[in-house]
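See below for the structure under consideration.
The values are calculated or read from the model by the stated rules, or taken from the named source; none is laboratory data. The structure presented is a predicted model; accordingly, all values stated were derived computationally and were not measured. As a convention, Cβ positions derive from the backbone with ideal geometry for all residues, glycine included, and neighbour counts pool all protein chains shown. For the accessible areas, the whole protein counts, side chains as well, though only heavy atoms, and no ligand, DNA or RNA atoms are used. Shrake-Rupley method; radii C 1.70, N 1.55, O 1.52, S 1.80 Å.
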Amino acid sequence: MALLEVKDVSKQYGRKKAMDHVSFEVAAGHIVGLIGPNGAGKSTTMRAITGLMSYSSGQITFDGQPITFSNHQALDKIGNLIEYPAIYPNLTALEHLKLYAMDTKTPADFQTLMKKTQIDGDNFGKRKAKQFSLGMKQRLGIAIALIRNPKLVILDEPMNGLDPQSVHDLRALIRELADDGVAFLISSHLLDELQKLVDDVVIINHGKIIETATMTAFFSHDKTRWLFDTSDNR
Ligand code: ATP
């Protein structure tokens, strides 16, 4: 059984179908890329999975437990970084971890977590978050997402705005965490941003899943090519 199962889920905003019978799975320990152009339905899908939004039909289950807008029990083992993490300018990295661990009985060990996400160096120490670069904030956001020792971490466009070195470092961090057994669902509008990282791809457009495949299979077949035209084609 897959860790996360999204089955035939639909969501409309008025007459707009943001999710149109969306189905896909995330297996334990896999890195899955949810890829599609702006407005494709990536954030809506992630918000439904994290119980932030109701959906009109279908089912979402995590570890066999249903997730709905009113049933959040399964979310205990899902960490997420949707848009920007709530980072407080006057707190240090360690103070953030302590704050986010307050309602958890068995949080991850702070020092191990800080070392793993590379927020333990001289650059962090006593510095407050207002002095962090965007890459540092993203790494802190991931450390916060890992505080409950989740089995799955959901990251919405985590590479947005990062310079190439920070993108490289973030990819290496995600790969390392996945090697430890954490599954990831990561959205992007750029296939090449995730190409080197993900095990499986889920392609979404106009709220519909166009293709799900392993990354190897996706690039080995020659019958279909997807060209994403976005409003920002940098
Ligand atoms: P982006 O990368 O631009 O965030 P996305 O793939 O995450 O795109 P969504 O944000 O999920 O796409 O949006 C899917 C569709 O639903 C879009 O057409 C969007 O305009 C619409 N939409 C999203 N949120 C709302 C809302 N609260 N009310 C009405 N329409 C919405």
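Annotations
- Accessible surface of D232 - all protein chains present, 1.4 Å probe, nearest 10 Å²: 60
- Relative contact order (%) - criterion: Cα under 8 Å, at least six apart; region: the stretch 111-198: 30
- Summarising the label geometry, the points placed 7 Å from Cα in the beta-carbon direction at H206 and N160 lie 2.4 nm from one another.
- Surface composition of the chain: carbon and sulfur make up 50 percent of the accessible area, probe 1.4 Å.
- Using the Karplus relation 6.51 cos²θ - 1.76 cosθ + 1.60 with θ = phi - 60°, the per-residue 3J(HN,Hα) values for the stretch 40-55 come to 6, x, 5, 5, 4, 4, 5, 5, 5, 5, 8, x, 7, 8, 7, 10 Hz, with x marking Gly and Pro.
- Full extension of the segment from S54 to K126, taken as 0.36 nm per residue of separation minus the current Cα-Cα distance, would add 21.9 nm.
- C-alpha long axis of helix 164-179 to longest principal axis of the chain, angle in °: 80
- Structural descriptor for the chain: relative contact order 29 percent, calculated from alpha carbon pairs under 8 angstrom and at least 6 residues apart.
- Rg/Rh, computed from the Cα trace of the stretch 48-107 with Rh as the Kirkwood radius, has the value 1.06.
- Once both labels are positioned 7 Å from their Cα atoms along Cα-to-Cβ, the gap between S231 and M102 label points is 3.7 nm.
- Among A172, A143, A18, the largest mean-square fluctuation in a Gaussian network model of the chain (Cα springs under 10 Å) belongs to A172.
- Springs join every pair of Cα atoms under 10 Å in this Gaussian network model of the chain, and among V26, V167, V201 the largest mean-square fluctuation is at V167.
- For the stretch 28-161, the per residue solvent-accessible surface stands at 47 Å², with DNA, RNA and ligands left out and a 1.4 Å probe.
- Span from the the stretch 113-171 Cα centroid across to the the stretch 48-84 one, whole angstrom: 23
- Couplings for the stretch 87-92, taken from phi via the Karplus curve 6.51 cos²θ - 1.76 cosθ + 1.60 with θ = phi - 60°, read 10, 9, x, 9, 9, 7 Hz in order; Gly and Pro are left as x.
- Within a Gaussian network of the chain (alpha carbon springs, distance under 10 Å), most fluctuating of S57, S220, S133: S220
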